[in-house]
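See below for the structure under consideration.
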Amino acid sequence: MKRSLRDLPRPAIAPSLLASDFARLAEEIARVERAGADLLHVDVMDGHFVPNLTIGPAVVESIRAVTDLLVDVHLMITEPARYLQAFAEAGADNITFHAEVVAEPQALADRIHELGCSAGITINPDGPQDRLRRAVPHVEMVLLMTIYAGFGGQEFMPEVLPTIRKVRGWLGPNQRLEVDGGISPQTIGEAAKAGADVFVAGTAIFGAPDRDYARAIADLRSAADAGARLAGPRGEV
Ligand code: DX5
Ligand code: ZN
């Protein structure tokens, strides 16, 4: 049975495994799970849509085998349609694709639903907002990149904040708004205030001093809570 985004708390904290130690992935997952992670974010890169190469369905299957958390797969690949089934069968719960490379996002979202997963759509900071908006009725989540996709450890781009506010206004109460890139205790509050409610963090968690992931996640959560309180219930400022 697939896990649902609807069961996630607000805010939800999603460690990005890209920043974890791949040589001890199971231990890293167990540690963030114990530390209070709400879901796991898995970055899939193909060397075409982005210059970097990361992981594929085989690793998602290994991740699925060692966790009960929702597995959130972020496809940074040129041809997402070719790999949806492989990722769904490997155990992904949510699959997010980039609007930049999908002319008919509704068809892709429908296919993701047929495979039993929830669907997310995302854009880079300069991505096609019109296409994203047209896809909103067909997805459970929008992911706004707060960096240019491709690498961990980049700096949060505050110029995306107005887009977060705008997109929050397009979403219904059960749809989620995720942000990804440069999320830290210093930046998460602004993103939460603008209306984001699912927060991906790689470096801020796996790079924490003494591998104190519980502290890192608690710090992120309290800063997100503080930002969300300033925003009111629907993210209006
Ligand atoms: C980058 C990925 C991110 C990345 C975030 O393209 O989508 O999920 O792991 O890393 P940090 O949190 O270090 O910016
Ligand atoms: Zn990501």
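Here Gly172 passes the criteria (1) away from ligand 2 (no atom under 16 Å from the Cβ); (2) assigned to a loop (DSSP other than H, G, I, E, B); (3) in contact (Cβ under 8 Å) with a residue 24 or more places away in the chain except the one numbered (3).
Applying the selection to region 9-34, what residues are over 15 Å from Val60 (Cα atoms) and within 16 Å of ligand 2 (Cβ to nearest atom)? Answer for region 9-34, where residues must be over 15 Å from Val60 (Cα atoms) and within 16 Å of ligand 2 (Cβ to nearest atom): Ala12, Ile13, Ala14, Ala19, Val32. For region 55-78, taking the residues that are under 17 Å from Ile29 (Cα atoms) and among the hydroxyl-bearing types (Ser, Thr, Tyr), the one that is surrounded by the fewest Cβ atoms within 10 Å (Cβ to Cβ) is identified as Ser62.
Can you tell me which residues in region 1-37 are under 25 Å from Pro173 (Cβ atoms) and either more than 16 Å from ligand 1 (Cβ to nearest atom) or over 16 Å from the mean Cα position of the chain (by Cα) (or both)? Correct list: Met1, Lys2, Arg3, Ser4, Leu5, Arg6, Asp7, Leu8, Pro9, Arg10, Gly36. Entry remark, region 79-112: residues being under 23 Å from Asp130 (Cβ atoms) and surrounded by 15 or more Cβ atoms within 10 Å (Cβ to Cβ) number 16 in total. A residue that is part of a strand (DSSP E or B) and within 13 Å of ligand 1 (Cβ to nearest atom) occurs nowhere in region 124-139. Selection within region 156-185: residues that are crowded, with 21+ Cβ neighbours inside 10 Å and of a type in the set (D, E, K, R). The member of this set that is nearest to ligand 1 (Cβ to nearest atom) is Asp180. Val179 passes every criterion in (1) within 16 Å of ligand 2 (Cβ to nearest atom); (2) under 20 Å from Leu17 (Cα atoms); (3) touching a helix residue (DSSP H, G or I) at 6+ places or on another chain (Cβ under 6 Å); (4) in a loop (DSSP other than H, G, I, E, B) apart from (4). Among the residues making up region 182-217, those that are under 23 Å from Arg24 (Cα atoms) and assigned to a helix (DSSP H, G or I) are Thr203, Ala204, Ile205, Phe206, Pro209, Asp210, Arg211, Tyr213, Ala214, Arg215, Ala216, Ile217. Please work out which residue is farthest from ligand 1 (Cβ to nearest atom), limiting yourself to region 45-59 and to residues that are under 14 Å from Ser20 (Cα atoms) and not hydroxyl-bearing (Ser, Thr, Tyr). Here the residue is Val59. Pairing residues of region 136-163 that are on the phi < 0 side of the Ramachandran plot with residues that are near ligand 1 (Cβ under 7 Å from one of its atoms) and among the hydroxyl-bearing types (Ser, Thr, Tyr), at Cβ distances under 8 Å and at least 6 apart in sequence or on separate chains, gives Gly152/Ser16; Gly152/Thr203.
FYI, it's all coordinate maths here, none of it is from the lab. This is a predicted model, so every value here is computed, not measured. When we count neighbours, we look across all protein chains shown, and the Cβ atoms used for this are built from the backbone with ideal geometry, even at glycine.
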